[in-house]
Amino acid sequence: MRLPDRVQIREVGPRDGIQSERAMVPTEGKVALIDALSRTGLRLIEAVSFVSPKAVPQMADADEVLARISRNPGVFYSALVPNRKGAERAVAARADGLQVFIAASDSYNLRNVRKPVEQSFADVAEVVAVAREAGLPVEATVSTAFGCPYEGDVAPRRVADMVTRLIDLGIGAVSLGDTTGMATPRRVVEVVEEVRAAAPGVALNMHFHDTRGTGLANVLAALDLGIDSFDASVGGMGGSPFAEGSTGNICTEDLVHMLIDMDVDTGVDLDALLDAARLAQRLISGELPGKVLRAGPRWQVAGPVAVEGT
Ligand code: COA
Ligand code: ZN
């Protein structure tokens, strides 16, 4: 198997995780979580989203969160935005970069931002303009890139066409979002190959949700394709508030734990990350799905059992 030497992980728990948490997480809890994550060696954190507080009440305090975190100069704090207003709020709050999102299927886009995909391209263009003006990098996430909870399969060709249009609009890097966990290793290969054929050299990130247990298998398929950038959420927290039965992203500690054993460098300190996961667990109502959080790392063993009677 071909493996990259180094993988970059963007921690999205503070945004993708917390946005769908039922119980309101207080601002200080969000700040504490982001600060704990900032001390783990993670270099990219999607800290907040600037969306309508009516659509996502949990992110209503995004400005305050960014104002109160203790910024580690080695960490890039990005913000997810859907439109010009979100981009302007993110710039005012001193986000380090913007992540704009657009779905590959009209049904999901309508549910998520209340307009068809075609109209969202105009929003992307406006977000790019705001980012340029502010001198900030802007990347895009194509949601439902591996399937839509309403429409089913999404043609890889459609995803590829969207990626080329996003690049033409000035987007630097594209994240392929498996928003509701419909990707499988086979579909990862199909979509990535189609996208690369249409947009050779495009910087790709994978945003997998582990809704159907294929999360880390999808990572493995992507690694074999040379993908070296992944989104993950601490403890595996999250899910989309816009899709029934959805669950969290692939779990950051589980991903780091697997990559350590594969000699792939992430720069992340697993113990510090597990501390952050325990903090995340205290902030949310349910039990986090992270596996290493429960079982401990594979090298943490109880010690040999003494053989008696010899
Ligand atoms: N931040 C804060 N408020 C915003 C906003 C933003 N980025 N964009 C729009 N608004 C406000 C408008 O100012 C307006 O406020 P008003 O009622 O006080 O005048 C109101 O929201 C409605 O604006 P409109 O443009 O008609 O938006 P809408 O009601 O059609 O909603 C979105 C569209 C995109 C703003 C909303 O659906 C949204 O925020 N969705 C995000 C969903 C999300 O976060 N999904 C998870 C990430 S994948
Ligand atoms: Zn997501």
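Values quoted throughout were computed directly from the atomic coordinates according to the rules given, and no laboratory measurement underlies them. The structure presented is a predicted model; accordingly, all values stated were derived computationally and were not measured. Quick reminder, even Gly has a Cβ in these numbers, built from the backbone with ideal geometry, and neighbours come from all protein chains shown.
Under a GNM of the chain (C-alpha, springs under 10 Å), which listed residue has the highest mean-square fluctuation: ARG298, ARG114, ARG94?
Fluctuation is largest for ARG298.
Based only on Cα atoms, what mean projected area does the convex hull of the range 202-261 have, in nm²? All intermediate terms of the calculation are to be shown ahead of the outcome.
On the way: hull surface 18.1 nm².
Hull-based average projected area comes out at 4.5 nm².
Report the Cα-based extents of the range 8-295 along its three principal axes, largest first, to the nearest Å.
Largest first, the range 8-295 extends 41, 40, 34 Å along its Cα principal axes.
Which of LEU176, VAL113, VAL142 sits farthest toward the positive end of the charge dipole of the chain, with +1 on the Cβ of Lys and Arg and -1 on the Cβ of Asp and Glu?
VAL113
Where nothing but the Cβ of Lys and Arg (+1) and of Asp and Glu (-1) is charged, how large is the charge dipole of the chain around its Cα centre, in debye to the nearest 20?
Numbers: 31 positive and 41 negative charges, 114 e Å.
For this selection, approximately 540 debye.
Using the beta-carbon distance between ARG132 and ALA272 and R0 = 25 Å, what value does 1/(1 + (r/R0)^6) give for FRET efficiency, to the nearest 0.05? Walk me through the numbers on the way to the answer.
Numbers: r = 36 Å, r/R0 = 1.42.
Computed FRET efficiency for ARG132 and ALA272: 0.10.
Who wins for biggest fluctuation among GLU287, GLU21, GLU46 in a Gaussian network model of the chain, springs between alpha carbons below 10 Å?
In the Gaussian network model the winner is GLU287.
Can you give the charge dipole size of the range 183-304 about its Cα centre, rounded to the nearest 20 debye, using +1 on the beta carbon of Lys and Arg and -1 on the beta carbon of Asp and Glu? Walk me through the numbers on the way to the answer.
Working: 9 positive and 17 negative charges, 77 e Å.
About 360 debye.
Go ahead and set up a Gaussian network model of the chain, Cα springs under 10 Å, then flag whichever of ASP263, ASP275, ASP231 fluctuates most.
Answer for the Gaussian network model of the chain: ASP263.
Can you give me the distance in nm between label points at GLN300 and ALA67, each placed 7 Å from the Cα along the Cα-to-Cβ direction?
3.8
Can you put ASP123, ASP224, ASP178 in order of Cβ neighbours within 10 angstrom, beginning with the fewest? Could you put the intermediate results ahead of the total?
Values: ASP123 21, ASP224 15, ASP178 29.
Ordered from fewest to most neighbouring Cβ atoms within 10 Å, ASP123, ASP224, ASP178 come out as ASP224, ASP123, ASP178.
Say R0 is 22 Å: what FRET efficiency, to the nearest 0.05, do LYS115 and GLU151 get from their beta-carbon distance? Let's see the in-between values first.
Details: r = 16 Å, r/R0 = 0.73.
In this case the efficiency is close to 0.85.
Once you place label points 7 Å from the Cα toward the Cβ at GLU287 and VAL189, how far apart are they in nm?
Reported label-point gap for GLU287 and VAL189 is 3.6 nm.
Test of understanding: ordering MET258, MET1, MET59 by Cβ neighbours within 10 Å, fewest first, what list do you get?
Numbers: MET258 18, MET1 6, MET59 22.
Going from sparsest to densest Cβ surroundings: MET1, MET258, MET59.
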